[in-house]
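I have placed the structure first, in the form of structure tokens, so that the comments after it can refer back to it.
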Amino acid sequence: MKSIVEISKLLIEQRKELGIEQKDMYMRIGMKQQQYQRIEAGSDVKLSTLLRVLEGLDLELSITPKGTKTPSNQVSESSVDLNKSDLQDDTDDLEFWFGSEDKS
């Protein structure tokens with residue numbers, strides 16, 4: 001489980017990554033700078049407040065069982081093994097589905 005300090009650091013990093021300041025959170029989610037400052041300082045917050053902050057920082061909450069790295073509802077890139085040839089259109093059956101316009 002992430003600690004409050006770790007979550008606060010992630011929020012700070014994301015805010016800076018987006019190039020916004022604490023005061024900008026008012027325009028994004030209607031939260032005053034002072035209130036947002038307390039969250040980044042590690043203050044305990046309600047879940048609804050955290051979700052609001054995550055939305056304002058283009059983040060989402062993901063809950064996973066202990067010991068797993070990715071949420072069970074996500075597919076990791078390594079679990080999908082497709083070749084480019086698998087993604088090519090299967091042209092040999094196009095005539096079957098669409099017919100030929102050249103038929104007389």
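Taking the range 1-52 as the region of interest, the helices (runs of 4 or more DSSP H) fully inside it that hold 1 or more residues being under 22 Å from LYS69 (Cα atoms) and in contact (Cβ under 8 Å) with a residue 12 or more places away in the chain are 4-18. Among all positions in the range 64-80, there is no residue which is exposed (fewer than 12 other Cβ atoms within 10 Å of the Cβ), modelled with pLDDT of 90 or more and assigned to a helix (DSSP H, G or I). Once the range 1-30 is narrowed to residues that are touching a helix residue (DSSP H, G or I) at 6+ places or on another chain (Cβ under 8 Å) and among the basic types (Lys, Arg), the residue that is surrounded by the fewest Cβ atoms within 10 Å (Cβ to Cβ) is LYS2.
Scanning the range 36-63 for residues that are of a type in the set (Lys, Arg) and either touching a Lys or Arg at 6+ places or on another chain (Cβ under 8 Å) or surrounded by 16 or more Cβ atoms within 10 Å (Cβ to Cβ) (or both) returns a single hit, ARG52.
The values are calculated or read from the model by the stated rules, or taken from the named source; none is laboratory data. Here the structure is a predicted model, which is why all the values come from computation and not from measurement. Using ideal geometry, Cβ is built from the backbone for each residue, glycine included, and neighbour counts are taken over all protein chains shown.
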